1. Starting from segment A:240-251, keep only residues that are more than 15 Å from A:Y217 (Cα to Cα) and surrounded by fewer than 18 Cβ atoms within 10 Å (Cβ to Cβ), then list their pairs with residues that are modelled with pLDDT of 95 or more and hydroxyl-bearing (S, T, Y) whose Cβ atoms are within a distance under 9 Å, requiring at least 6 positions of separation or different chains.
2. When residues of segment A:182-211 are filtered for being in contact (Cβ under 8 Å) with a residue 12 or more places away in the chain and in contact with a helix residue (DSSP H, G or I) (Cβ under 8 Å, 6 or more places away or on another chain), how many remain?
3. It is to be established whether one or more residues within segment A:165-178 are surrounded by fewer than 22 Cβ atoms within 10 Å (Cβ to Cβ) and modelled with pLDDT of 95 or more.
4. Tell me the residue from A:T158, A:T109 that is in contact with a His (Cβ under 7 Å, 6 or more places away or on another chain), at pLDDT 90 or above and within 16 Å of RNA strand B (Cβ to nearest atom), please.
5. Restricting the search to segment A:97-119, which residues are over 14 Å from A:R511 (Cα atoms) and either assigned by TED's automatic domain parsing to the domain that holds A:F509 or in contact with a helix residue (DSSP H, G or I) (Cβ under 9 Å, 6 or more places away or on another chain) (or both)?
6. Condition (residue is within 23 Å of A:S146 (Cα to Cα), surrounded by 15 or more Cβ atoms within 10 Å (Cβ to Cβ), within 28 Å of the chain's Cα centre (by Cα) and modelled with pLDDT under 95) applied to segment A:277-294: is it met by at least one residue?
7. Identify all residues within segment A:112-149 that are at pLDDT 90 or above, of a type in the set (V, I, T) and surrounded by 19 or more Cβ atoms within 10 Å (Cβ to Cβ); write none if there are none.
8. So A:Y182 clears everything in (1) modelled with pLDDT of 95 or more; (2) hydroxyl-bearing (S, T, Y); (3) not in a strand (DSSP E or B) except one condition, right? Which one?
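The values are calculated or read from the model by the stated rules, or taken from the named source; none is laboratory data. Predicted model, so just to flag it, every value in this text is computed and none were measured. Backbone-built Cβ (ideal geometry, glycine too); neighbour counts: all protein chains shown.
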Amino acid sequence: MLESVAVYTTSNTRRYSLKQLNQELEKAISAALLSAQADGRLPTFDVPAIPVSPPKRADQGDLSYPAMGLARLARKNPLDIARLIVDSMNSLDFIDHIDIAPPGFINFTIAADYLKRQVDTIIAEGDNFFRLSIGAGKTAQVEFVSANPSGPITIGHTRGAVVGDAMARLLEAAGYQVQREYYYNNAGNQMVILGKSLMLRYLQQIGDDVDYPADYYQGEYLVDVAAQLADENGDSLRARDWAYFKDAAESQMFQWINRSLASIDIKHDEFFNETSLFECGRIWRTLELMRENGHVYEATHWEGADAVEVADVAAKGYEPATWFHSSAFGDEKDRVMVKSDGAPTYTLPDIAYHCDKLERGFDIAVNVLGTDHFSQAQVVKYGLQALGMDPAPIHVIFVQMVRAVRWNQARGEYEAVKQSKRAGDFDTLDDLVEMTSADAVRYHMLARSPNSQLDFDVDQVVKQSNENPVYYIQNAYVRCAGIFREADERGFSDKDADLSLLGADELCFIRKALELGNVIEQAVLNYEPHKIAFYAHELASVFHPIYDRVRVLHSEAPPDVAKARLRFLQLMGMSAPERM
RNA sequence: GCUCCAGUAGCUCAGGGGAUAGAGCACCGGUUUCCUAAACCGGGUGUCGCAGGUUCGAAUCCUGCCUGGAGCGCCA
């Protein structure tokens, strides 16, 4: 992989993607403006950013620049400015012709020969063609899922899992060396309750008559684990305390979580246990450093507390706690880091953890979190600043809630499928995969902006699985595979193919395929992994009509283009089946 | 009450200063001597939540409001 990056960045013969053509044109237009200013055809002004982008419609060329933005600066009619630019531009080998359209667009059409030549280039470079150089020699970490081992992966976790893994794959495609990390805590109250819950379930299994509290874990899965324990150990565990059962439960839950994630092709490289931060003393060192920097104080209530809060605290009779003066960094209030009973809140280990993360030296550390962690993420950032660290490498993708919904025919509306772990009434990732497919789950979870709430219609995805965009996309690959298989059987080869024979339909596909690099780059730079899902569908929707219209046996090149280009399936982490 | 996200076609959602606002699903009609028809071709009258504002130009930016969700614990 690194080798191919080197090839890509050192070669100077085939710098091609639509993005780079954008940049070429942007440079050329800027130069044209300066030239026109130099000989007085345009008044002098600072040349602004020149945005060149694909137009909406095919008959408007391949790339377009709206010159209207210059009208005020140049005090000229936009159409006149456009003409001036075009007249002043040096000729570019990849441009066939330039049109000017009202009210001031400059539309560039890429030369067909230039596009056709890219087919050979794409095939020669294979998977590496869109291996970007922006991450070459850099490291990135993506922390995602990070669910505590108290139960199975739910639909809600799944969204973060898919988004995080897609982000990791995109970073890899951009040249980064990526580590996938899972941060978890097995020391909190919830885990205590989990251990006690399993203990009671076990006692029930071996015939004891015990009360099972309503605020303990209600899920059937604990009963299963308990049954297994009873099978293997009889009643010999009767005297064990909750801690034993906590460990047993945790071990089982982690196995389950990893198995579920593996079923949608997600695997973490590193599991980081919060407890290790206590064991090595990092927690307290972090606190002391913040104290030395003057951002920590002891008090019964925070400095800016109003009368109501003060009275409330007094009523509860709290002893002094240790506060982080986060409001000094812009927080709306200060946060407790160590409770009056001496135990830290989550804030302190979270800060210590991210401090550790930064010290590991990643160029980028992406953090996929639910929006319920928004405030906490802010506080962590303030904490890092209080430690004198620069939190800039950390970027958080906030994932909005997923509601698993079902259509209620009687009421004529959607209703939520409950997902509370403790209530034991939830749909798991396993359920979803069983009802649909790993690819369907990944696609539907990814094909939305993370900061939109998502209604995942369980029945819809199941019922329409044959009319699903997922299969539409995969079928494009299957059809390609079919072509290759058939060609092989006929002993037909693309050797010495004459690319000039390619027609307009094929060019259309080549244009779309060449956008991949641009899509990856935008997805990486803006932390928007969902873009790749839309692109995959667009590419497939350009391919399918051509498949029908252009028969391979009349034209050798398309399968090669297709072969090289359909790598998008791998990028999304979806499987690319040879047959369906 | 304060902060953040969302409101776009019947439904689920893209787009987020530029040309005639898109896709999937659903619905209707057509297409198969030949690489898989899970496909293709045709069929869209949308107050882009509402009202102002900025601009040559606003679904997009600003302000206010309405609706839904999330956060604002010495919870984890």
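1. Note: pairs meeting the criteria are A:R240/A:Y202.
2. Result for segment A:182-211: 17.
3. Looking for residues that are surrounded by fewer than 22 Cβ atoms within 10 Å (Cβ to Cβ) and modelled with pLDDT of 95 or more, one finds at least one in segment A:165-178, hence yes.
4. A:T109
5. A:I98, A:D99, A:I100, A:A101, A:P102, A:P103, A:G104, A:F105, A:I106, A:N107
6. Yes, there is a match, as at least one residue in segment A:277-294 is within 23 Å of A:S146 (Cα to Cα), surrounded by 15 or more Cβ atoms within 10 Å (Cβ to Cβ), within 28 Å of the chain's Cα centre (by Cα) and modelled with pLDDT under 95.
7. Within segment A:112-149, A:V142, A:V145 meet the criteria.
8. The single condition A:Y182 does not satisfy is (3).
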